[in-house]
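A.B. asks: Here it is, the structure, as structure tokens.
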Amino acid sequence: MNFGVVAEINSSLDSAMGSGSSNDNQNNLSEWDKLLLLVGSNKDRSAFKKLYEHFTPRLKSFLLRIGSDVSAAEEICQETMIMVWRRAETYNPESAGASTWIFTIARNKRIDKLRKDNRPLPDLNDPSFYQTPIDRGDDLVQRFQEEKKIQKALKTLPPEQAKLILSAYYEESSHRKIADESNLPLGTVKSRIRLAINRLRNQLEELER
Amino acid sequence: MNKQNTITLVESLLIDYANGSLPLALEVLVETHISMNPESARSIQMLMQLGGALMENSEPISMSEDSFNKLMAEIDTLQDEEKISQNVVSNDNDELPLPLRNYVLDLDLSKNWRRIGIGLAEQVIHFGDAEIGSAKLYKIAPNAAVPSHSHEGNEVTLVLSGGFSDEYGTYGPGDIAIQETGAVHKPVADADGECIVLAVNEGPIVLTGPVGRLLNMLIK
């Protein structure tokens, strides 16, 4: 990124985040968070394109890993990015980083697709909703630290545990497939996943100390 | 159901909520629970952050050719329709937690109650979702005891207001109680006000449906 672009982003961010925005705060934003704020404040198409090129190939890959077929995965990616474009102005970096925010939209889009009667979730069901009951003071810094810690913890997971963690996000049918292949009751598969998530949560708490 | 089992089942419900595999009625129940319970909200936030991290770490796989331009073309055509589709009507009954109001537009706590016993009334909730056995609100008068009953299907209950106790524990606003098929209990509402709960039951008929499978699986 050249200096001109950085200066432009930072000045747009000042207007996007209000006068309270400081360098300190901006240090706690990823490049993607900043681009998302630009889409929200200016409907900036080049920022949106960068987000698209970064996130859709990863989201597609993730959806394939958790059980979607190629055409469903691409469709969910497109629908997710339409939502990103439309809802970017509601993006609040204190609640979620860009990847968490986009993941949550994709989750909703995937449910809309899977649900039999095809009734979409209310639009109000946007990711910022999940954070409403939480009030913990210095949100931006804390949120940024949490997401960094998760990335750090993921890097050190033994492969077996990493696989279990990923399978928490599998489609229902994939859980049944695991159970069949490993000759375990479905309940056992589920409780192993739950325990792996709990173990990860404990690891995150230890990183906090 | 003992406390530890309940905690375990709620944790499983939260994971299934995060991965989007709950039927609509349970999805709404869990979402309402999250809006009332900061600890579960925290768990969901962590699961969403984790999902975002796993997504971002995935090895990129290219989209089909020209997909960005196609998307922008679609966005430009959709621009005009945007306002219409974002027009979400939410139930304005502010006694109810917001997630419930967003899904169930015709819910009204001031009427529609059907008396089914002394100090006990119910109303059926329509999620427009054929996947579920039944979803009901129950209203229990202060200190009233629901006659001892067993459950034909597994049932997940969320306290919306007030509180109740049964043989297994005490439950306040935002708490989830789970009854297994065949479990017998006798809930008694707290003395200081009426208790309203949302109960999602897999029902006696749909034991092989997704909810039945889900709950059977959770409970195993």
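The values are calculated or read from the model by the stated rules, or taken from the named source; none is laboratory data. Because the structure is a prediction, the values reported are computed rather than measured. Virtual Cβ from ideal backbone geometry, glycine too; neighbours counted across all protein chains shown.
A.B. asks: Hey, can you tell me all the residues within the range B:35-61 that are facing chain A (nearest Cβ under 7 Å) and in contact (Cβ under 8 Å) with a residue 12 or more places away in the chain?
C.D. replies: Here is the first cut: in the range B:35-61, the residues facing chain A (nearest Cβ under 7 Å) are B:35, B:38, B:41-42, B:44-46, B:48-61.
Those that are facing chain A (nearest Cβ under 7 Å) and in contact (Cβ under 8 Å) with a residue 12 or more places away in the chain: B:SER35, B:ILE44, B:MET48, B:GLY51.
The rows are residues; the columns are (1) at pLDDT 85 or above; (2) surrounded by 21 or more Cβ atoms within 10 Å (Cβ to Cβ); (3) within 20 Å of the chain's Cα centre (by Cα).
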site: B:ASN143; (1), (2), (3): yes, no, no
site: B:ASP166; (1), (2), (3): yes, no, no
site: B:THR170; (1), (2), (3): yes, no, yes
site: B:LYS186; (1), (2), (3): no, no, no
site: B:VAL200; (1), (2), (3): yes, yes, yes
site: B:GLY212; (1), (2), (3): no, no, yes
site: B:LEU218; (1), (2), (3): no, yes, yes
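A.B. asks: Out of (1) over 15 Å from B:LEU158 (Cβ atoms); (2) surrounded by fewer than 23 Cβ atoms within 10 Å (Cβ to Cβ), what's the single condition that is false for B:ALA41?
C.D. replies: Unmet condition: (1).
A.B. asks: Ok, one more. Here is a list: A:LEU164, A:LEU157. Which entry is more than 9 Å from chain B (Cβ to nearest Cβ), over 18 Å from B:VAL10 (Cα atoms), modelled with pLDDT of 85 or more and surrounded by 18 or more Cβ atoms within 10 Å (Cβ to Cβ)?
C.D. replies: Values: A:LEU157 fails: surrounded by 18 or more Cβ atoms within 10 Å (Cβ to Cβ).
A:LEU164 is the lone residue from the list that is more than 9 Å from chain B (Cβ to nearest Cβ), over 18 Å from B:VAL10 (Cα atoms), modelled with pLDDT of 85 or more and surrounded by 18 or more Cβ atoms within 10 Å (Cβ to Cβ).
A.B. asks: Check every one of the strands (runs of 3 or more DSSP E) wholly within the range B:115-202 and list those with 2 or more residues that are under 24 Å from B:LEU14 (Cα atoms).
C.D. replies: Hits in the range B:115-202: B:134-140, B:155-161, B:164-166, B:169-171, B:176-179, B:195-201.
A.B. asks: Before we move on, is B:GLU180 surrounded by fewer than 18 Cβ atoms within 10 Å (Cβ to Cβ) and in contact with a Pro (Cβ under 8 Å, 6 or more places away or on another chain)? Working first, answer last.
C.D. replies: Details: surrounded by fewer than 18 Cβ atoms within 10 Å (Cβ to Cβ): yes; in contact with a Pro (Cβ under 8 Å, 6 or more places away or on another chain): no.
Taking the combined requirement at face value, the residue does not satisfy it.
A.B. asks: From (1) facing another protein chain (nearest Cβ under 7 Å); (2) assigned to a helix (DSSP H, G or I); (3) among the polar types (S, T, N, Q), pick out the condition that doesn't hold for B:SER64.
C.D. replies: Among (1) facing another protein chain (nearest Cβ under 7 Å); (2) assigned to a helix (DSSP H, G or I); (3) among the polar types (S, T, N, Q), B:SER64 violates only (2).
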